[in-house]
Structure formats: C-alpha cells, structure tokens
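The values are calculated or read from the model by the stated rules, or taken from the named source; none is laboratory data. In this text, all values refer to a predicted model and were calculated from it rather than measured experimentally. In this analysis, Cβ positions are derived from the backbone assuming ideal geometry, glycine residues included, and neighbour counts consider all displayed protein chains. Just the protein is used for accessible areas: all its heavy atoms, side chains included, with ligands, DNA and RNA removed. Shrake-Rupley method; radii C 1.70, N 1.55, O 1.52, S 1.80 Å.
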Amino acid sequence: ESNRLKKSKKTKMKLLKNTVLVMSSLLLFSCSNTSSKSNQSSDALSLVSQAERKNEIVKAFYEYTLSKEGFETAKANGGIIKDSDYLAAKDFNKNDYQIFSLNNSDLTIKVGGSTSVTDVSDAQIRTFISFFKENNSPAFTKDRKGSGTAVSGLETGLYDIAYLSRELDSLEKEKMNTLEGKTSPFCIDAVVPVVNKSNNLESITRKQLALIYGERNYLDTLDNFKNEQSITKFSDIDSSLPSSSISIYTRDSSSGTRECFTEKIGIPGSKKDDKLTSKATVIDTNGDMITSIKNDENGLGYVSLDSISGKDEVKALKLENVEATLESISDGSYLLQRYFNIVTKY
C-alpha cells in the first residue's frame, strides 16, 4: 500500500510539472505574440507621427515665410517687401508651434521650383532651422529647376515646398485647388537686362529688347514691331557702340524669369521657343546666365535682380533710363518686376 501511495504521488507531481511547463510555454507565446503586435502597432504609430510632424513643419515654414520675421529675412537678402504687406503680416512666435520642441532629425523637407528665389529661400530656411534645438531640425534638400516645375513637383510629391518667380497660370491654379494647397506672393523682385562689364551701353528700352529677342516672323504679326528692323548689333542701339554682333542669351522655357521678361517687353506666349530668335543661347539658371555674360564681352542677357544684388560680376542696364532700385520697384517706375510666390500643401 505504501508503494502504491508513493507511486500515485509521483505521478501527480509529474502531471503538475508538465502542466506548469505547458502553461509557461503558452504564456511565453502569448507575450511574444503581444510584443510582436505591439511592435507593429508602434511602427505604424511612428510612421503616422512622421507624417504629422512633417505636415506641421511645412505649415510652420509657410506661416513663417509670410510673417514679419520672414519678410525681414527676405528683405535682408535682396527681396523687396511692400510696406502694406509688411504692416498686414503677423508676428512669428516659435513657441506657438509644438514642432520646434520635438526631434525631427529623421525628416527631410524637399524644396524646388524657381532658381530666382534661391537667395531669399535659402536665407529663410537657415533662419527657420535655427528655431529648432541643436541636432533636432529636419534636413532641407533643394532641387530647383524653374518655376514651371513648382506646382507639378508639389502634385507628384517631388517637393514639399516650391516657388514660382511669376504668377500661377490658370492650369496651376486648378491643380492647387485640387490639391487643397496653399499659395501666396511674399516679396517682389525685378528682372534686369545685363551685359558684360566692359560694355559701354548704359540703358535700353523694352522695344529694343523685343527687336533683339523676338523671332522675325513672329514680330511681323505684332503691330508694334512689324515695320521695325531687328536689332543684331550694339551699334543698332547706340551708334557710338561697336558694330559687333550681340550674343543673345535667354532662359529655358520653364523659367518664370523668362516669362516675366519676354511678356513685359512685348512678346507674349514666350514659353514657346518659336517666339524667340533662334540665335539665342538657352541658359538654365540665373547663376549660369551671370557666368555666360561675364565671359562674353558681346553678351546680352537678363537675370533676377536678387541674383546680382551685392555682386559685381556683370553690368545691369537701366530700362527706359530707370535703374532697378528699391525705390523704383516699390513705386512701379521700373517696369520689369514680378512677385515671388510660394506654394505648398499641408
């Protein structure tokens, strides 16, 4: 009997041990499964958090750009701000935005569009980055290819923030409405005809520029130019100048600077190359235009005033005897001017 009791007790202990092992395994599996689900949930929340933080950063940057502080940065870097725009602007207080207290070093904000806005935009980006704690700011990448790429880049996700150095056309406005995007002018810039520093030419008229840049067959369809001779030499502008042929430079068809320049000298529809003389060399950026004119004593081109402010590489011409200055642009007497526009969505 004693042996039978001992055997029964040993069997019960074995069953209990096995039960404990099974329960432990089930508990471990449950914990592992819960941990896996928790990690998946955490990963999903992390992705949402990135999207939300990026959205808030873009919103803050847009509002900073249109604030008094943003305008002051633009003005300090060549942008011209109308007094009425500055007075209507709000103050920007970084403490109103929770995003500046978070670590956003895992994010990238993609900037594109107009090359003319480079100096103003880069200065605003540098100031904006300074609002974050050290090492907590997002990275800003820049891929500027012209105003014509701004809205399309925003639409495809190539850009988070983009710029145009002109007004939006009707198709771009439709796209921005579809995107429920944000767009606003924020500072004024002028387009300036430029020549090599060795050139003695001081001033030029819009009509002369049209007769230099316009394609002859196209000019003949316009009342203002049909009976006028095309200008091919500097001596055609001023008889005291050399009779050397003008080396004509223009921007590419996606450029807002090109559109502003050609429209305002009297050549509408300038996005199509057939409106311009085939003798013109096409240049991609303001910087390349400056380099080309600097290296060509017979060169004539045009650039954003912002791109040559404070520099002495090329000679800016007066237009209709009016120099492009803060005063002449603000009062409208300098005629080749346009707004810079920012576009984004959040």
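List of remarks:
- Pairs exceeding 25 Å between alpha-carbon atoms, taken from 145/233; 59/145; 182/207; 207/315; 142/318: 145/233; 182/207; 142/318.
- Proximity of backbone amide H atoms, modeled 1.01 Å from N, is registered between residue 107 and 139 at under 5 Å, excluding neighbours fewer than 5 places apart on the same chain.
- For region 165-181, 3J(HN,Hα) per residue [Karplus equation, 6.51 cos²θ - 1.76 cosθ + 1.60, θ = phi - 60°, Hz, x = Gly/Pro]: 9, 6, 6, 6, 7, 4, 5, 5, 5, 4, 5, 5, 5, 5, 6, 6, x
- Distant-in-sequence amide H partners of residue 231 (H built 1.01 Å from N, under 5 Å): 212
- Farthest toward the positive end of the dipole of region 153-217, out of 188, 165, 208, is the Cα of 208, where the dipole comes from beta carbon charges about the Cα centre.
- Summed side-chain charge close to residue 216 - residues other than residue 216 whose Cβ falls under 12 Å, Lys, Arg +1, Asp, Glu -1: -1
- For region 44-112, the fraction of 1.4 Å probe accessible surface lying on carbon and sulfur atoms is 49 percent.
- Cα centroid separation, region 158-180 to region 122-149 (Å): 19 Å
- Within a straight-line Cα-Cα reach of under 15 Å, residue 294 can be paired with the following aspartates and glutamates, leaving aside sequence neighbours fewer than 8 residues apart in one chain: 312, 313.
- Using a probe radius of 1.4 angstrom, the carbon and sulfur fraction of the accessible surface of region 187-256 is 39%.
- Protection-proxy order for peptides 285-294, 226-235, each taking the mean of Cβ atoms within 10 Å per residue, highest first: 285-294, 226-235
- Amide proton proximity set for residue 66, modelled H, under 5 Å, gap of 5+: none
- Reducing region 210-267 and region 57-83 to their Cα centroids gives an inter-centroid distance of 35 Å.
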